[in-house]
Amino acid sequence: MISETETIIVVSGPLYGEAGAEFEKKLDSLGGATYVTVTLDLSMAVGITSSAIAKLVALQKKMRAQNRSIRIRGCSEALYSIFERIKLPTLIEITK
C-alpha cells in the first residue's frame, strides 16, 4: 500500500495453477477495497490464464463504475503481446 487511496501489488511467478487462483482471489478482493488507484506490477510474472484476464477486465469495469482505476506496470514483452492481441491496453493502462 502506498497510501489509503493507492496500492501497488507486486505479482511474481506464473499466473496459472495455484498461483493463478491466488491472483484471482486477490483481484476479487480489490473490487471491494477503497483504493482509488490499484497498480499491478507484473515485472516478475510469467504466463497468465484467460480466467485471470477475465478477472482483470471485470475488476476494471467495476472500478471504472466507481470512478477508480487499475493499471499494469512492468509488463514483460510476452505478457504485453498477449494483452495487445486481445486489446486489453484499450481498457487498462499498461506499460512495459
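One line per residue, one yes/no per condition, for (1) modelled with pLDDT under 85; (2) among the acidic types (D, E); (3) touching a strand residue (DSSP E or B) at 6+ places or on another chain (Cβ under 7 Å):
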{"position": "L30", "(1), (2), (3)": "yes, no, yes"}
{"position": "T37", "(1), (2), (3)": "no, no, yes"}
{"position": "T49", "(1), (2), (3)": "no, no, yes"}
{"position": "A58", "(1), (2), (3)": "no, no, no"}
{"position": "I70", "(1), (2), (3)": "no, no, yes"}
{"position": "A78", "(1), (2), (3)": "no, no, no"}
Where the second residue is basic (K, R) and surrounded by fewer than 16 Cβ atoms within 10 Å (Cβ to Cβ) and the first is under 11 Å from L42 (Cβ atoms) and lies in the range 4-27, which pairs have Cβ atoms under 7 Å and are six or more apart or on separate chains? I9/K26
Pull up the range 5-20, narrow it to residues that are surrounded by 14 or more Cβ atoms within 10 Å (Cβ to Cβ) and farther than 24 Å from A65 by Cα, then point me to the one that is modelled with the highest pLDDT. V11
Collect the residues in the range 1-40 that are closer than 16 Å to A78 by Cβ and in contact with a Gly (Cβ under 7 Å, 6 or more places away or on another chain), keeping them in residue-number order. P14, L15, Y16
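Anything in the range 52-96 that is on the phi < 0 side of the Ramachandran plot and of a type in the set (K, R)? List them, or say none. Reasoning before the result, please.
Going through the range 52-96, the residues on the phi < 0 side of the Ramachandran plot turn out to be 52-66, 68-73, 75-86, 88-96.
Answer for the range 52-96, where residues must be on the phi < 0 side of the Ramachandran plot and of a type in the set (K, R): K55, K61, K62, R64, R68, R71, R73, R85, K96.
The values are calculated or read from the model by the stated rules, or taken from the named source; none is laboratory data. Everything numeric here is computed off the predicted structure, so don't read it as measured data. Please note: Cβ atoms are built from the backbone with ideal geometry, for glycine as well, and neighbour counts cover all protein chains shown.
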